[in-house]
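Below is one structure; the comments refer to it alone.
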Amino acid sequence: MNAIGLLVIILFILMVFVGGGQGIKAFLGLIINFFVIFILIILINWQFNPYVVTAIMGTIILAVAIYLGADNADVADTAFKTSVIVVAILMLLSVVIQYFGQFQGFANENSEELEGLSLTVGLSFSHIAMIVMVISILGAVSEAAMAIVADLNEVVQRTTDMTSQSLYAHTRIIGGQILGTAINTLFFGVLGANLPLLIWFVRLKYSLAMFVNAKLLMVEVVTMVLGMLGILLSIWLASWFVVRRYVRQQKVGINNERDI
C-alpha cells in the first residue's frame, strides 16, 4: 500500500469517528466529486464548450458537497442557492480577469519540465485557466455558505422570539468570525503550497517587478483573491437569505394569529 492509500484510509477512519454517519456521507461526497472532476477533464479534452461544462460540473460538485454534508434540508437548500449564485458571479469575474491578466499557459520556470514535450495540445489554455480558477473556489464558497447558514439556523431555533434586528446583529457577529478563519485558511493554504516557489524566486534574486509578473505566482494569487471574494459574497448573501426567510415566517405567524 502506498502513502496516498494509507492517508485515505486514515482520513476515512477519522471522518467516521468524528462525524459518524454524516462523516461517511461526506467521504462518499469526496469520492463522487473526484469522479465528477475526472469527467470534467474528459469532456474538456473532447472539445465540449468549457463554459457549459464548468457550469454544469461546478453545480454538481456544489450539490454533492452541500447535500451530502448537511443533515437539515432548509440549511442545505439555502447554502446551495447561495453557492450557485456566488460561483456564477465569480465565474464571470474570472473570465474578465483572465482576459486582461493573460494567466494562461506555461511560464519560463516550466521550461525544464516541458523540454522535449509538444505544447500543441489543441486546447485553449485560456479556458483551462478559467476552469482552474472556478474549480479552486468551489470548496471555499460552499464551506462559508454552509457555516453561516447552519449557525444562523441554530440561533433561530434556540431563540424563537428573536426580532429581525437581533438576527441581523447575529449575522454580523457570526459572519465576522467565519470570515476571519475562512480567509486565513485560504491564505495559508495558498502560501504553504507555493512556499517552495517563493523560496526559489528569492534565491534567484527576482526583483519586485519580476515577482508581480511571475505567471506561476500570480495565477495562485488571483485564485486566492477570488476565493476570498467568494467567502465574502457567500456570507453576505446567505445571511440575507436566512434573515429574509425568518422575517417572512414571522409575518406568516402574525397573520395566522390574527385569523385565529
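Go through region 201-215 and report how many residues are without any contact (Cβ under 8 Å) to a residue 12 or more places away in the chain, part of a helix (DSSP H, G or I) and not charged (D, E, K, R). Walk me through how you get there before you give the answer.
Residues of region 201-215 without any contact (Cβ under 8 Å) to a residue 12 or more places away in the chain: 202-213.
Next, only the ones that are part of a helix (DSSP H, G or I) stay: 202-203, 208-213.
Subsequent filtering for residues that are not charged (D, E, K, R) retains 202, 208-213.
Final tally of qualifying residues: 7.
Given the criteria part of a helix (DSSP H, G or I), within 20 Å of Val75 (Cβ to Cβ) and modelled with pLDDT of 80 or more, does Leu186 qualify?
On the way: part of a helix (DSSP H, G or I): yes; within 20 Å of Val75 (Cβ to Cβ): no; modelled with pLDDT of 80 or more: yes.
Considered against the rule, which asks whether it is part of a helix (DSSP H, G or I), within 20 Å of Val75 (Cβ to Cβ) and modelled with pLDDT of 80 or more, Leu186 comes out as no.
For region 30-63, name all the residues that are of a type in the set (Val, Ile, Thr) and within 20 Å of Ile235 (Cα to Cα). First the steps, then the outcome.
Going through region 30-63, the residues of a type in the set (Val, Ile, Thr) turn out to be 31-32, 36-37, 39, 41-42, 44, 52-54, 56, 59-61.
Answer for region 30-63, where residues must be of a type in the set (Val, Ile, Thr) and within 20 Å of Ile235 (Cα to Cα): Thr59, Ile61.
How many residues does region 77-105 hold that are without any contact (Cβ under 8 Å) to a residue 60 or more places away in the chain and over 16 Å from the mean Cα position of the chain (by Cα)?
The total comes to 8.
Answer with yes or no whether Leu186 is of a type in the set (A, V, I, L, M, F, W, C) and out of contact with any Ser or Thr (no Cβ under 7 Å at 6 or more places or on another chain). Walk me through it before giving the result.
On the way: of a type in the set (A, V, I, L, M, F, W, C): yes; out of contact with any Ser or Thr (no Cβ under 7 Å at 6 or more places or on another chain): yes.
Here the answer is yes, as Leu186 does meet what is asked.
Only one residue in Ile39, Ile60, Ile56, Ile10 is modelled with pLDDT under 90 and β-branched (Val, Ile, Thr). Which one? Let's see the steps before the verdict.
Details: Ile39 fails: modelled with pLDDT under 90; Ile60 fails: modelled with pLDDT under 90; Ile56 fails: modelled with pLDDT under 90.
It is Ile10.
Can you tell me which of (1) free of Cβ contacts under 8 Å to residues at least 40 places away in the same chain; (2) assigned to a helix (DSSP H, G or I) is the one Asp161 doesn't meet?
Single failed check for Asp161: (2).
Which condition from (1) over 18 Å from Ile178 (Cβ atoms); (2) at pLDDT 85 or above; (3) among the hydrophobic types (A, V, I, L, M, F, W, C) is the one that Val247 breaks?
(2) is the only condition that Val247 fails.
Take Ile66 and tell me if it is over 18 Å from Arg245 (Cβ atoms) and hydrophobic (A, V, I, L, M, F, W, C).
no
Name the residue, out of Phe12, Phe80, Phe17, Phe27, that is surrounded by fewer than 12 Cβ atoms within 10 Å (Cβ to Cβ) and part of a helix (DSSP H, G or I). Break it down stepwise before answering.
Working: Phe12 fails: surrounded by fewer than 12 Cβ atoms within 10 Å (Cβ to Cβ); Phe80 fails: surrounded by fewer than 12 Cβ atoms within 10 Å (Cβ to Cβ); Phe27 fails: surrounded by fewer than 12 Cβ atoms within 10 Å (Cβ to Cβ).
Among Phe12, Phe80, Phe17, Phe27, only Phe17 is surrounded by fewer than 12 Cβ atoms within 10 Å (Cβ to Cβ) and part of a helix (DSSP H, G or I).
Could you check Asp74 against (1) outside any helix (DSSP H, G or I); (2) more than 17 Å from the chain's Cα centre (by Cα) and say which number it fails?
(1)
The values are calculated or read from the model by the stated rules, or taken from the named source; none is laboratory data. Keep in mind that what you see is a predicted model, and the values were worked out from it rather than measured. Note: ideal-geometry Cβ built from the backbone for every residue, glycine included; neighbour counts use all protein chains shown.
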